[in-house]
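What follows is a set of notes on a single structure, which appears directly below.
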Amino acid sequence: MKMIHYRFLVLLGPLCLSLLVVAPVCAQTGAAQGARPVASPTGAPVAVLPSAVPSPSDAATLYAEADGYAGRKFDEFKRNKVPYNAALEAAVNGQQRELATRHAAQLVARGQLQGTDNYYLGLLYLLAGQPETGMPPLRRFLAETMEPGAEFQQRARLVLGTQAAGMSRFAEAEAMLAAYAKAAPQTPLELFRLHNAISNGYYQAKQLEPAAAHAAAAYALVRDPRTQVGDAATRAKLISNAGLALVQFKLKQNQTTAANALLEELLRLGLTLPAARLYDDARALLAAQGRADAVWQALAASADNAPPAPELDGIIDWIDQKPTTLASLRGQVVLLEFWATWCGPCQLTLPKLKLLHERFKDKGLVVIGVTQLYGRARGAPLTPGEELGYLRTFKKELHLPYGFAVDEDGANEQRYGVRNIPTAVLIDRKGHVRLITVGASDTGDDALDKAVKQLIAEQ
């Protein structure tokens, strides 16, 4: 009997769409994705005390100490190899709020706050989880500071606009957005965040039309290649979230044609970024609209102007496969299968991958199983060396003829936007991603088989 998993398409803020995914998948969450370790080895919460530091006096130092508290503790847990625990993470965040509250009180006790003192006081209250108390100091800072366009003013507008939107104070949120957009310095990413926050606020207030307008502006900003967001994986996530949120608005406004056109654009972006989660979400929504053929239209479209598929990086061991690069495999069709030994649905796909390898290896197909070290197998902890040995034994016992690429921490999954496993990524002879399948299902297997034949035939 096939398993049925419910998966949530996470959009921007509280706007979500629940999708039923028939293909069994294993979600990559928690420790499997390198979550921050914050628990005792037994899993029980342990006491965490604030770092012993000299008592700061100036506002900037007070804020920096409180703002960096949680990060310092999480880094400490990571160094000590303490496994993840949600209860302890919540405790650390609570201690950070307490520290921010104490520092805010220390600032207030000084009296006669001026200039950036009010700015940092507002941020401390927000960090302490007290937005109603934190917004007035930020407003005072903006009102008392006459120099236009300075960085502090822009940051205050960004924070006030975001907070006001979450409180349904749309006049203030819109005013902060307009003021930010007219001043400098500014970045497209911060404008995106403001539009996104205001869109979420309007949506929660059931004001669909302005929510959709800000969602469209947010998507346009993050879709623009000039918007710098740090790395390709983060950009892909933001495009996915913003684009799919905009699709939701269009569907709610009965703009089906526009929604489908945007979904087709997102499907193509899922291939070119690449972003498996975006591709699969767009595919599922298109199928729900009766547009399952869009997958084949995207595969058939020319990919010559697309960037090549990202290289597999950080591979610590190749099993029954000579170390290679995707660039060196140009001229061949490459199938990357992201999987894990503990994933039941992944094991359903292994015989089918074996069959694909045997049928097409002499016609130019290279299959590579991409996995990572999880530190455990069959419920027992393993050292890296032991886990690599386990992978070799697993491969031999199942008579899998294709090679494995093993990375340490799942960075390649992030690079390809993998959310659930198994995920298959099919790359053509020129190095372009042409098809992505997620989960284990007959439909996905048939699509992969058809696509492999089609790309093998291409020269």
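No lab work stands behind these numbers, since they all come straight from the coordinates. Nothing here was measured: the structure is a model prediction, and the numbers come from that model. When we count neighbours, we look across all protein chains shown, and the Cβ atoms used for this are built from the backbone with ideal geometry, even at glycine.
Mean separation of Cα pairs under 8 Å and 6 or more residues apart, divided by the residue count, gives the chain a relative contact order of 15 percent.
Amide H contacts of Ala377: Leu382, each under 5 Å away and 5 or more positions distant or on a separate chain (H built 1.01 Å from N in the peptide plane; Pro and chain starts excluded). Only one residue of Val433, Tyr416, Ile456 has its Cα farthest out toward the positive end of the dipole of segment 393-459, where Lys and Arg carry +1 and Asp and Glu -1 on Cβ, and that residue is Ile456. Using the Cβ of Thr423 as centre and a radius below 10 Å, the other residues enclosed give a net charge of -1, where K and R count +1 and D and E count -1.
About its Cα centre, how strong a charge dipole does segment 77-178 have in debye, to the nearest 20, once Lys and Arg get +1 and Asp and Glu get -1 at the Cβ?
Working: 11 positive and 9 negative charges, 92 e Å.
In debye, rounded to 20, segment 77-178 gives about 440.
Note on Lys430 and Arg102: the model spin-label points, each 7 Å out from Cα along the C-beta direction, lie 6.2 nm apart. Note on Ala109 and Glu408: their simple-model spin labels are 4.5 nm apart, each label 7 Å out from Cα toward Cβ. Partners of Lys250 within straight-line reach, counting aspartates and glutamates whose Cα lies under 15 Å from its Cα and excluding those fewer than 8 residues away in the same chain: Glu209, Glu264, Glu265. Membrane-span-like helices of the chain, defined as complete DSSP H segments with a Cα extent of 15 Å or more along the helix axis and a mean Kyte hydropathy of at least 0.0, are identified as 116-127, 170-182, 208-223, 232-252, 256-272, 276-288. Between the residues Gly314, Val295, Val333, the greatest Cα displacement towards the positive end of the dipole of segment 226-385, with unit charges on the Cβ of Lys, Arg, Asp and Glu, is found for Val295.
Placing +1 on the Cβ of each Lys and Arg and -1 on the Cβ of each Asp and Glu in the chain, which of Gly111, Gly201, Val159 has its Cα farthest towards the positive end of the resulting dipole? Farthest towards the positive pole: Gly201. In the neighborhood of Gln228, defined by Cβ-to-Cβ distances under 15 Å, what is the net charge if each Lys or Arg adds +1 and each Asp or Glu adds -1? Here the charged neighbours net out to +2. At 222 nm, what value in deg cm²/dmol follows for the chain if DSSP H runs of at least 4 each add -39500 (n - 2.57) and the sum is divided by all its residues, to the nearest 500? Calculated at 222 nm, the ellipticity per residue is -17000 deg cm²/dmol.
If I stretch the segment between Glu172 and Leu189 completely, what's the gain in nm (0.36 nm per residue apart, minus their alpha carbon distance), one decimal? Don't jump to the answer; show the numbers that get you there.
Working: separation 17, 0.36 × 17 = 6.12 nm, distance 2.02 nm.
Separation in residues times 0.36 nm, less the Cα-Cα distance, equals 4.1 nm.
Loop-located trypsin sites (Lys or Arg not before Pro) across segment 193-281 with a Cβ neighbour count of 16 or fewer within 10 Å are Lys206, Arg226, with loop assigned by DSSP. Under the convention that each Lys and Arg Cβ holds +1 and each Asp and Glu Cβ holds -1, the size of the dipole of segment 263-329 around its Cα centre is about 160 debye.
Charged side chains reduced to their Cβ positions (Lys and Arg at +1, Asp and Glu at -1) give the chain a dipole of some 540 debye around its Cα centre. So which trypsin sites (Lys or Arg not before Pro) in segment 367-403 end up in coil per DSSP with only 10 or fewer other C-beta atoms within 10 Å? Those that pass, being in a loop and sparsely packed, are Arg378. Counting only residues at least eight positions apart within a chain, or on another chain, the lysines with an alpha carbon under 27 Å from that of Lys450 are Lys2, Lys352, Lys354, Lys361, Lys363, Lys395, Lys430.
By the rule of a C-alpha distance below 19 Å, with chain neighbours fewer than 8 residues away ignored, the aspartates and glutamates paired with Lys73 are Glu65, Glu89, Glu98. In a shell of Cβ-Cβ distance under 11 Å around Leu208, excluding Leu208 itself, what net charge do Lys and Arg (+1) and Asp and Glu (-1) give? Around Leu208, the charge tally is +2.
Rounded, prolate or oblate: which fits segment 185-294, taking a ≥ b ≥ c as square roots of the Cα gyration tensor eigenvalues, rounded meaning a/c under 1.5, else prolate when a/b beats b/c? Oblate is the answer for segment 185-294, as a/c is 1.5 or above yet b/c matches or exceeds a/b.
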